[in-house]
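Every number in this text was worked out from the coordinates using simple rules, so none of it is lab data. Since the model is a prediction, treat every value here as computed from it, not as a measurement. Every residue, glycine among them, receives a Cβ derived from its backbone with ideal geometry; neighbour counts consider all protein chains shown.
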Ligand SMILES: Nc1nc2c(ncn2[C@@H]2O[C@H](COP(=O)(O)OP(=O)(O)OP(=O)(O)O)[C@@H](O)[C@H]2O)c(=O)[nH]1
Ligand SMILES: [Mg+2]
């Protein structure tokens, strides 16, 4: 069951790696841990005495996945495969949103695979095809072994349909590992979405989610006579009903999407454990959960996934060599109907850019050099999807890089003509452009990608983050009115020139020299013309930031209705 941690305002989903001893569960986690950027993951922990075989579990978290302003914390766990540790294994399985069953493909391990998979099915009691059930994915690992079964044979031997989600891998060299994780993540998020639609969620406190708590829970199991009962108490105590919200502003949004958490009875070990107060009026303070964009991590070039095969529920097979993992994830996303998951580019601009591929031609190169130097010295990236669908990369605190899913070209001439159009569009808003703005076409594997690079100027969004942290309703109201004016100024220009722009707080900044626009500019595009709609857009953008700040929500409503 996904857990909503009210204090940290994040949702925890768990992916558990199961399978026979020595199948490669720990190896999967170790490889993932190596390739996920340090900035968005915790350390890999293996509590208890150290041994070749896992005695309790291996665990680390990945942050950096976003759901409409809410963070997803994805916890990866691997179980101990040894049969005498079956209680620990079953307990860990009971926490899963998605299970990766790591099968050892060697023929000699067939019987063990069978037994463990059978036990997994019994433990989960999952209904295949039911999106609210725990999702299972089969990874046929050790595909390098000579006496291996193919994944089709394994599916058949486990009585699974050929369309059961599966991947193949050679985890000791990292092949297929990222891909497996991506599919598992999509499955876990699919479950989150299905549960949300059915209005079931769990509340939890941060302390419940720590490695220590998990470790203690496993140790307790050893002394428990009635394992089944403990398991049930531990896993279902916090389940709460979720019911539809009817807040007026939420109706402005797709109200069918909006859900709230109604805490009829305070969940055991819930808010109280952390010292955080439950919202006074849950009708007002609840978040709206909606998956709009997910980006678990960037590829960093390590561990090519050259053995890849993904099969979706509808039987369509994706079988490719050296496909970037995110592309397959996108393929899978349609199948899982997760929503508009955004796939971000995996390669960033390099210093070498051809003549005619950069604007402004001379100073642009200098800005690019600064950008690349900065990136190499201060790694740290986060992606965001703007309302227009443009993708914005925040590079540390110094640069914004903007691109679009369709700004990827197989032909550089095609890329160049779009570059020229983008530059001429940019020039329409010349007086709002920040110093250093550079447009460039860079190589992305065999393809070309267009970027608009902008040195960082503190945006209105960041300004609001600061004000919210200080919880000052007075400053907040002033900032709201100023932000509205700034957006209106830019909008008037855009309307006068018939260009489309993003009226988003994350692409507008107020500087001593005036308002600056960092986003995309499209001639002939549309821009919000209605004052009221503009205010609502600002309010909706800010709302996720205000959860748990009733005073500021009140100021927002007053401004909105004033
Ligand atoms: N040949 C081969 N060896 C692999 C592969 N994946 C993992 N191994 C090796 O298999 C051994 C066991 O891997 P682990 O990841 O520790 O296995 P585990 O599933 O965590 O095992 P338990 O913790 O005992 O349940 C290690 O020596 C790995 O290097 C693979 O794809 N091919
Ligand atoms: Mg292990």
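Numbers below:
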| quantity | calculated |
| --- | --- |
| Computed P(r) (all Cα pairs; the range 460-561; 10 Å bins; percent) | 15, 49, 28, 8, 0 |
| Distance (nanometres) between label positions extended 7 Å along Cα→Cβ at residue 133 and residue 346 | 3.2 |
| Pairwise FRET efficiency - residue 362 versus residue 484, Cβ, R0 = 51 Å, nearest 0.05 | 0.85 |
| Added length on full extension, which subtracts the Cα-Cα distance from 0.36 nm per residue, residue 427 to residue 513 | 29.1 nm |
| Inter-label distance for residue 114 and residue 215, nm, one decimal - labels placed 7 Å from Cα along Cα-to-Cβ | 3.9 |
| The range 358-455: relative contact order in percent, alpha carbon pairs under 8 Å with at least 6 residues between | 29 |
| Separation in nanometres of the label points that stand 7 Å from Cα toward Cβ, at residue 157 and residue 83 | 1.7 |
| Listed peptides 122-128, 491-497 by packing density, highest first (mean Cβ within 10 Å) | 491-497, 122-128 |
| Ranked list, fewest to most other Cβ atoms within 10 Å of each Cβ, for 451, 383 | 383, 451 |
| Residue 382/residue 496 FRET efficiency (R0 35 Å; Cβ-Cβ; nearest 0.05) | 0.55 |
| Ordering of 136-142, 21-27, 210-216 by packing [mean C-beta count within 10 Å, highest first] | 136-142, 21-27, 210-216 |
| Relative packing of 13-19, 42-48, 536-542, 103-109, which averages over residues the other C-beta atoms within 10 Å, highest first | 13-19, 103-109, 536-542, 42-48 |
| Computed FRET value (nearest 0.05) for residue 447 with residue 554, which takes r as the C-beta separation and R₀ as 60 Å | 0.75 |
